[in-house]
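All remarks here apply to the structure that follows.
The values are calculated or read from the model by the stated rules, or taken from the named source; none is laboratory data. Since this is a predicted model, take the numbers as computed values, not measurements. Backbone-built Cβ (ideal geometry, glycine too); neighbour counts: all protein chains shown.
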Amino acid sequence: MDENTANPIRTQVGENVPGPLPGAAAEAVQPLSGETVRLLAEQLRPVLHAETEALREELRRGAGRYRTSARLYGAAAAAGLYGAGALTACLILALAHGVAAWLAALIIAIVLIGTALFLSDRARQAAPQGARG
């Protein structure tokens, strides 16, 4: 029997995967009895429970920090949006001194829409290939 037929399971690099344990080593390994498994499960259950509770509490604390941060960013974005709206109104009123009010609003709207299109195009160019819409 050659090496390949003795153990047909091979690793990615072509080495043989070890088969069953030879002789004395196979006799030394005993299967676990049902009682041993039950005792092991009883001892591991509280440890696993404590670890999962500790992890759950740590995730709660972390999520609370992220939640607070997200709320503050949301409030900052809302304040920035209102500030931009007020600045837009200011620009329209300032421009209305030289032209009609409707024309001032139209000019500012065109500038804002042009800026939005420019930024959207730049974002599309900067996005990874699979994320482009």
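Okay, residues lined up against (1) in a helix (DSSP H, G or I); (2) surrounded by 10 or more Cβ atoms within 10 Å (Cβ to Cβ):
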site: Gln30; (1), (2): no, no
site: Val47; (1), (2): yes, no
site: Thr52; (1), (2): yes, yes
site: Leu55; (1), (2): yes, yes
site: Leu59; (1), (2): yes, yes
site: Ala75; (1), (2): yes, yes
site: Ala79; (1), (2): yes, yes
site: Leu93; (1), (2): yes, yes
(request) Specify which of the listed residues (Ala70, Ala101, Ala78) is at pLDDT below 90 and among the aliphatic types (A, V, I, L, M). (result) Ala70
